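Presented below is the structure to which this report refers.
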Amino acid sequence: MRYAWITLYAAVGLPSAIVGTPTCAEPQRTVTAYSVKPSDVAIPPDVPLGEYRRTIRPYKNWTLICDENLKEKQRICNVSQSIVDAKGTVVFSWSLAATASGQPMMIVRVPAQVGANQPIRLTFRKAGGESTVKTTDCDERTCIGMMHVDARFKASMQSNDIVEVNYVALPATAFPRDPTPLALRLQATTVQAPLEGLAAALSGI
């Protein structure tokens, strides 16, 4: 097998003058606009390259994401869930994270068309009752709100409850000078957000 490989290599590597084929001119090289794609993980400016690590662990309905500063031995984690429509567009997402003081909070995200200072209603099926989160900051894609993780939420998490989320937004294709009254253009969105898997994901931190 070694001899056969050497023979093939020699045959492929023969100069063109030996096999009698004409020498072709070297093709003209052109400069292209190719570049190296940067990492999808945004590295903090104060962390050296190679000293930052992200781990992603999928659980049922939830994903645990942990970022580690290996140099400083610091680790920050959050558990997230995203709900998409039939086209794969995210219509609702939320993440369980901790504040600087260590208090657990749910960071709730809805499309930017909801607008700032608007209510997001969350109804707990098993535990009963309703919580309202108001949007605060918005960018061109998303509005966010903050919700405290209280005793009812913890109980709902342990019982694998399903949370019904409701909000109202303008359609994404609305025109600035649409003559239709604003109240008629508003669209109500309701999604089911299962808490099953959240407790298991938290145990992985």
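Per-structure values
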| quantity | calculated |
| --- | --- |
| Förster radius 41 Å - calculated FRET efficiency between residue 125 and residue 53, Cβ distance, rounded to 0.05 | 0.60 |
| Which listed pairs, of 37/134; 71/154; 37/73; 87/134, have C-alpha distances above 30 Å, in listed order | 37/134; 71/154 |
| Surface/4 of the Cα convex hull for segment 89-151, nm² | 5.0 nm² |
| Residue 40-residue 151 pseudo-label distance in nm [points 7 Å out on the Cα-to-Cβ vector] | 4.2 nm |
| Inter-probe distance in nm under a simple model that places probes 7 Å from Cα toward Cβ, at residue 72 and residue 87 | 4.0 nm |
| Stretchable slack from residue 99 to residue 32, in nm (0.36 nm times residue separation minus alpha-carbon distance) | 19.5 nm |
| Descending semi-axes in whole angstrom, ellipsoid equivalent of segment 40-105, from the Cα gyration tensor | 26, 16, 11 |
| Projected area averaged over orientations for segment 21-146, convex hull of C-alpha atoms, nm² | 16.0 nm² |
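A short reminder: the numbers here are calculations on the coordinates, not readings from a lab. Because the structure is predicted, anything quoted here is derived from the model rather than measured. With ideal geometry, Cβ positions are generated from the backbone for all residues, glycine too; neighbour counts draw on all protein chains shown.
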